Each structure stands twice: as structure tokens, then as C-alpha cells.
1. Out of the range A:239-268, which residues are part of a loop (DSSP other than H, G, I, E, B) and crowded, with 19+ Cβ neighbours inside 10 Å?
2. Restricting to the range A:15-49, name every residue that is aliphatic (A, V, I, L, M), out of contact with any Lys or Arg (no Cβ under 6 Å at 6 or more places or on another chain) and part of a strand (DSSP E or B).
3. Taking the range B:200-239 on its own, how many of its residues are surrounded by fewer than 24 Cβ atoms within 10 Å (Cβ to Cβ) and of a type in the set (D, E)?
4. Answer yes if at least one residue in the range B:112-135 is under 21 Å from the mean Cα position of the chain (by Cα) and within 14 Å of chain A (Cβ to nearest Cβ), and no otherwise.
5. Just wondering, is there one or more residues in the range B:240-261 that are assigned to a loop (DSSP other than H, G, I, E, B), crowded, with 24+ Cβ neighbours inside 10 Å and touching a residue at least 60 places away in the same chain (Cβ under 8 Å)?
6. If I ask for residues that are assigned to a helix (DSSP H, G or I), within 7 Å of chain A (Cβ to nearest Cβ) and among the hydrophobic types (A, V, I, L, M, F, W, C), which ones from the range B:163-202 would you list?
7. All but one of (1) within 23 Å of A:I322 (Cα to Cα); (2) modelled with pLDDT of 85 or more; (3) not basic (K, R) hold for A:A178; state the number of the condition that does not hold.
8. Exactly one of these conditions fails for B:L150: (1) at pLDDT 85 or above; (2) of a type in the set (A, V, I, L, M, F, W, C); (3) surrounded by fewer than 22 Cβ atoms within 10 Å (Cβ to Cβ). Give me its number.
Amino acid sequence: MTEALLSVEAVAVDLPTPRGNLRAVDRVDLTVGAGRTLGIVGESGCGKTMLSRAILQLLPKKARLTGRVMFDGQDLARLDPERLRRLRGRSLAVVFQDPMTSLNPVLTIGTQLIETLQEHLELDAQAAKRRGAELLAAVGIPAPEQRLQQYPHQLSGGMRQRVAIAIALSCEPKLLIADEPTTALDVTIQAQILDLLAREQRRRHMAMILITHDLGVVAGRTDEVAVMYAGRVVERAPTHALFKKMRMPYTEALLAALPRIDAAPHTPLPAISGRPPDPTRPIQGCSFSPRCRYAEGLCGREKPLLTEAESPDHQFACFHPIVAGA
Amino acid sequence: MATLELVIEQEAAVGSNRRRRRLGPLFWAAVAWVAFVFVVAAMADFLPLPSSTDMDMLERRAPFSTLHWLGTDSLGRDELARLVFGARISLTVGLCAPIIGITIGGALGMLAGYFRGRFETLVVGSMDVLLAFPPLILALAVTAYLGQSLLNLTCILGVLGIPAFMRVARASTLTLARREFVIAAQALGATHARILLRELLPNVLLPLLAFFLLGVAVTIVVEGSLSFLGLGVPPPESSWGSMIGEGRESLEIAPRLAFLPAIAMFLTVLSFNLVGDTLRALTDPRQGAL
């Protein structure tokens, strides 16, 4: 693996709520090398989005961040606002979940795209416009010149997400964070958008963090996967290794909950019973233990740590990992 | 590719059709009236009108004639000339006061809605204090203290309009600032000033402008009420409100003296409301999105 472009070290995010302190992200360690792709998988509310906001330093005002976010040799959490502002957009970019809300409804596509180009790359108006049209063409939008004149509501959801990706890519970022980029889109468009992201990522040799709740999405498109549960990373492995031999019962349950194309019609999906723990209360023991079918006495008392097993890059936090072949 | 361009052209055609259909004769009549009032008020000095302040005691409450098209008032002053010069006052106050409101109120509201925190508490609190104060008493106090003049009247009505504009601006900023495009702009390295001016202002401006036209209508009425009570522009000058007030005294002999300025005010206020509503419906690019 190449030298880490981004390394998240013991990052924790605390949100004060009326019901008490909510620990949204609990001491997460991650690294992403230049040009590599990391998938972060987990269910709703497990802290995926908060983690991405923590990396971008876009947390809500009241949130407290501890730990270090090292990007290109600088700690983003301690960078002064002006330098951080310059770094964003230029080196760090983000694509959000819902293209309905991530574009400004009253500005044309052209204005939004071209202004970004002018601001960061210091191009003149003509050059920026040409570059904008090229970018739209690169993300697969036909008739880009006309599209520049249009408002977001005149475009379909898939088109809008392509525009959002074009804006994110406009300044050749070193790291792109895609926060559930396909969740708001219909299934036929999902694959197109993911392929587009993968293609642009390879072409530009940028690192990418793909955040999703769908293990199927990360399967073919990431180098490494981190599975999150209740704010913690519970399993982390190279993608092929994870799908070949997952050790954490939560990962297994997530995968089992995917609909299978070869299953008989009306087969009930094996859903994970119960609900995620209340993040405002401190959890005794393993946070997944109340829902885990392998759990026993120790799981309810002690918190398992993220440890390595047979290979150094496959880590998981479980006392009773699934034994291969069992 | 060719088919797609065709689709875009069709969309554009459909869009303009829809627009044309919505602009009824009522809208154009309203625009024509507002334009007419504006032109007449602006050109008042060059129009061949008798003086609006010269009194002719022999021609008091004279009926319509070729000399006085709309007759004269109870002091023998030309009614048409007084209406035209009254339009000046009503429009000046009616436009300038909401401009003060939209500028200060809009800026405060956006800053409060965007930055939140102590600043917001302070702004909202002071606006509540201003709202809690009876507006007529405030106007009375200010005119009594600083004297009756057009400038004082405009300023006081403008200040009284600030809280309403502040609330409209803050409310829409609050909802918009949570939207992802603002976070996306931050993620792209936009400064606060840029987010406020470039991302939020165009969004907030739409409800503000719709409210502005409503504010013009309301201010014309409020200026009328103040003038009616004798708190408006000082006497020799005419304003629609003071004309209604003066006409009240001869309501039984010559009701037109009160009704003519009232009709002028009614038509103008109605036109502003009609134009405001139609323009807002037309220029709202979010109509299809939400």
C-alpha cells in the first residue's frame, strides 16, 4: 500500500443533545492511500456521515471532535480556517446523498459550476465556461452547452447527481468523499453513477471514500472496506478478503440482509432483529451483542477491541468471530 | 443527441406557453396603472396642471369643468393637481420606506439565520421590542420630536417595517442554511460572505421581493392613515391620506373629495398586490422542484 493520503487517528465526535451526550463516532482509525478507494458501510445512524463531516471539518457547531485527521501531512482539525478553506474544494471534495438539495435551486448549473472553477483555478470566464462544458461531457451529460443554462429542477435526479459530481471533480481533488451518492437515485441510475465515479477516480488517480449502507455497492468498486456499527469500526479488511472471509457477525448479517437474485420469490429477507443501541447511553460490552446470534456472557461485559487475525490488514472487533468454513 | 436537443426545445416552448397563459389582462391592467401613476408622479412638474396649493375662495368645491378637470377642494385648490402631487408623496414614502426595511431587515435576518447564536438572540429580541411598541404612538412621538417632514415619515415607516422583513429573511435563511447545497459550498471552500451573498441571497430574495411589493401596498395605506390623522406631510403639500382626511369634512356636500383619492389609493395598492403575486409566481424557479 502506498503512503497514506488521509489518516484518521482516534477520531471521536460528541454531540450534545437534550438527552445527554451523543457519541456519534467512537475512536475511529482509518487510512486511505493516494488513488485508493475505501468503502464505509453501515446502517442508518451508525456514524458514517458524521465521520465524513469530521474529515471535512463540516461538523455541526456544537459537535466536539477529538483525535487527528491527517491529510497530506496536515492535521485538518487544527488547521486555521483560511488554509482549511483553500484546501477544501481544491484537494478535498464531496458528493452528497441527495442531488435535490445539494444544488442551489435558484442558480443555473453553469453559474454553480463555472464559479467554482473561476474561484479555485483562477480561470477567466471564457476558459471556465469551456472547462465547465468539458466537465459536464466527462460525467456523461449530453448537450452540455445547453445544460449550463438550465436550473437544477429542469434536470432529472441522475443528471443532477452527475452535475454534483462534475462540481466536485472540477478542481481535481486528491480525495473525493461520496456520501451515499446513489441512495436517492433509482436502481438503474445507481450503477451508472457508481461506474462514473470509479472511472473518474481511476482516470484522475484520486483517492475516494465511498460511504453507503449497501455492501453490494462496495463489493466491486473499493480496495478496502470498513464496516461501522454504533459509531465504531467493527471490521476492516481489503474488499476481496472481506467478502471471501468475513469475521464479524454484523458484517455477515448485513450481507445476509441483501436480497438475492437467485432466491425463490417471496423468500423473507433475514433482517437483523432489534435496533441499534441508544448512542446517548454508554454501552457495556460489545455494542452489537444484543442483536448478535453468537453473543454470550463475555460479549455483554467487555468491549472487544479492533484486532488483527491471520493477516495484518484484516481487523475486526469480536470475541467470537465467525470461523472460516463453518 | 439530436432527439435530446429536440426535447429541450420542446420543454422551452412548453415553458413559455405556460407563462403566456398565466399573464391575464388583469395583470397588464395593473402594470399599466402602476406605470401610469409612476409617470404622472414623476412628470408632475412638467404637466400643464394648475398649482396644487393656490387657493381660489370663489371656486370652492367647484364641480368638474374644463379649467378644473376634477373640480376643486374645500379651499378651492385644483383636485387633479393635488391628486398628482399626492401620488408623488404616496409613492416616495411607499417605495422608500420598504427599501429601508428590506435592506436592513433582510441583512439582519440573513445574518441572524445563518450565524445563529448570541447575535440571533440579540436581533430577534430587539425586533420583538420594536414590534411590541405601538407603531402609531412611535410615529406620533417621532414626528412630534423631529418635526413633520417627508424624510422623517419615510424613515419612521421604514424602521417600523424592519422586523417583518427580518422575520421573512431569517425564516427562509434558517431552512436554507440546513440544505446540503450550503454544506456543499462550504465543502468547496466558500467563505461565509460568499455563501451569504451568492448561495443564500438569491434564494431569500424571492420571498423578500414578494413581501416587498406587499410592503409597498401596506406602506401606502399606513402613510394614508397617518396623513389622515394629520401626522403625515405638513399641510400645504397634498397626500392621498390627507386629502381623504380633508374631504371628510365636506363628505355630505361633495363626497368625491374623499372618494377620488381613496379610489386612487385603492387602485394603486391593488395593482401592486396583483403585480407582486404574479411576478412571484412567474419568477420562482423552484416551482417544478418542490
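The values are calculated or read from the model by the stated rules, or taken from the named source; none is laboratory data. All values derive from a computational prediction rather than experimental measurement. Every residue, glycine among them, receives a Cβ derived from its backbone with ideal geometry; neighbour counts consider all protein chains shown.
1. Of the residues in the range A:239-268, the ones part of a loop (DSSP other than H, G, I, E, B) are A:245-248, A:257-268.
Of everything in the range A:239-268, those that are part of a loop (DSSP other than H, G, I, E, B) and crowded, with 19+ Cβ neighbours inside 10 Å turn out to be A:M246, A:R247, A:M248.
2. Restricting attention to the range A:15-49, the residues satisfying the condition of being aliphatic (A, V, I, L, M) are A:15, A:22, A:24-25, A:28, A:30, A:32, A:34, A:38, A:40-41.
Adding the requirement that they be out of contact with any Lys or Arg (no Cβ under 6 Å at 6 or more places or on another chain) leaves A:15, A:22, A:24-25, A:28, A:30, A:32, A:34, A:38, A:41.
A:L15, A:L22, A:A24, A:V25, A:V28, A:L30, A:V32, A:L38, A:V41 - these are the residues of the range A:15-49 that are aliphatic (A, V, I, L, M), out of contact with any Lys or Arg (no Cβ under 6 Å at 6 or more places or on another chain) and part of a strand (DSSP E or B).
3. Count: 1.
4. Among the residues of the range B:112-135, not one is under 21 Å from the mean Cα position of the chain (by Cα) and within 14 Å of chain A (Cβ to nearest Cβ), which makes the answer no.
5. Taking the range B:240-261 and keeping what is assigned to a loop (DSSP other than H, G, I, E, B), we get B:250-255.
Those left that are additionally crowded, with 24+ Cβ neighbours inside 10 Å: none.
Scanning the range B:240-261, I find no residue that is assigned to a loop (DSSP other than H, G, I, E, B), crowded, with 24+ Cβ neighbours inside 10 Å and touching a residue at least 60 places away in the same chain (Cβ under 8 Å), so the answer is no.
6. Listed by number, the residues that qualify are B:F181, B:I183, B:A184, B:A187.
7. For A:A178, the failing item is (1).
8. (1)
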